[in-house]
Structure formats: C-alpha cells, structure tokens
1. Please name whichever of Leu16, Gly75, Leu115 sits farthest to the positive end of the charge dipole of the chain, dipole taken about the Cα centre and charges placed at Cβ: Lys and Arg +1, Asp and Glu -1.
2. For the range 44-172, what's the relative contact order in percent, using C-alpha pairs closer than 8 Å and at least 6 residues apart?
3. Have a look at the range 85-184 and give its Rg and Dmax from the Cα atoms, expressed in angstrom.
4. If each DSSP helix of 4+ residues adds -39,500 (n - 2.57) and the sum is divided by the residues in the chain, what number results at 222 nm, nearest 500 deg cm²/dmol?
5. What translational diffusion coefficient, in µm²/s and rounded to a whole number, does the Stokes-Einstein relation yield for the chain at 20 °C and a viscosity of 1.002 mPa s, taking the hydrodynamic radius as the Kirkwood radius over Cα pairs?
6. Report the charge-dipole magnitude of the chain in Debye, nearest 20, computed about the Cα centre from +1 at each Lys and Arg Cβ and -1 at each Asp and Glu Cβ.
7. Run the simple label-point estimate for Cys183 and Ile138 please: 7 Å along Cα→C-beta, distance reported in nm.
8. If we count every other residue with Cβ under 13 angstrom of Glu87's Cβ, Lys/Arg +1 and Asp/Glu -1, where does the sum land?
Amino acid sequence: SYERPYISVSELYVCLRQNYYVRKRYQVDIKSQFRFAYLFLIQKIGNVLHEIFQDLYNFDEVEKSVVSEKFKVKGRLDAIKGKVIYEIKSIDPSKFKGVYIKEHLFQGIIYAYILITEYDYDIDNVTIIYVLRDLKTIRAFDIEIDMKLAESFLARGPILLSALENSIVPETIGATKDQCRWCP
C-alpha cells in the first residue's frame, strides 16, 4: 500500500535484501508462504478491533498517514492521543509471551521520530495494545521513545531506495537468523 518513491515503515526493521527482492517482484511461490483464508480472516478481525478501540477511546487522530521527506519513508499509525502514539495489535494467544514484540515498538518509535522531527509534534511515548484473538485478554505496554534507535532504522530507507533505483542488491541489513532461515 506504499507509494513509490517511498519506503514503507515496516520495511525498515526487517531485511533490506528481502525487501529489495519483493519490490523487484522476483518470483516467489506465494502458496508455499501463506494460507490465504486464514490471513484474510485475521486481517478482518484486526480491522474490526481497530474500529472498536477507535470508538472506545477519544483519540485525537486515527489512521494517520506519516511521511518523511528526509528519509523517503511512509506509513500509517493507528492512533494519537496527546503525547502518545497507539499501536493496536491482535495476536494469537499461543504466540503472546506476556511482553511486547520489539518490531511493534520499532514501528511506533519510527512514527514518533518522524512526527517529532518533521511535523513538530510533541510525542514522548508509544503504547502498544495487544488484543488476544480469544478476546479474553487485553494487554498494554507504555514505552519511552528511543530517538537514536528510530533514526538508525530510518537511515535504512535511503539505502533501500538507492538499491532499488540502481538495481544493486543490498546487504542483509536488519536480517535476523530466523528471517534468513525462512527467507523465500
């Protein structure tokens, strides 16, 4: 859903090489990667949960598009209220370990960095709200913003953009062992 020449926020904290191949449309056997009906259902559940939270909380802004012209990065955050960015996530109960998932924090701090430095917002916190898909548990985590970490992720945007423009495969910046192990 991103628009060229922008890099998606979610592309910044995973392997740049994999993102390069996805953007260049290299052939991947999609059927071996996903179970479409399940993913469709999960996406619909997530959308409904977002709507419910947006109705319950009096957020200042929802589904806000955030664009960094400096880093050529674009994304959409879930909600803002006061000095807090909210990321709302639905998660399978068996996968929830009682702590926040670092990639969800990365997403929030990247949005915060852009809003603070390019939009003149006063943001000091990211709240990640997990709704377990059994609908029995809701957990929230309030985390302070790490501006240096956010900037390190944003610096990857121009690297990926340059690689795409020049058709040069980038290094595996941001890759984890699990990502490499399961890389298509």
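Bear in mind these aren't lab numbers, they're just calculated from the coordinates by the rules spelled out. As the structure is a prediction and not an experimental result, all values here were calculated from the model. Heads up, the Cβs are rebuilt from the backbone with ideal geometry, glycines too, and the neighbour counts pull from every protein chain shown.
1. Farthest along the dipole direction, towards plus: Leu16.
2. Across the range 44-172, relative contact order equals 22 percent.
3. Values for the range 85-184 (Cα only, Rg and Dmax): 16.2, 49 Å.
4. It comes out at -12000 deg cm²/dmol, rounded to the nearest 500.
5. Estimated diffusion coefficient is 122 µm²/s.
6. Taking the Cα centre of the chain as origin, the dipole is about 960 debye.
7. Here the answer is 4.0 nm between the modelled labels.
8. Once all neighbours under 13 Å are counted, the net charge is +2.
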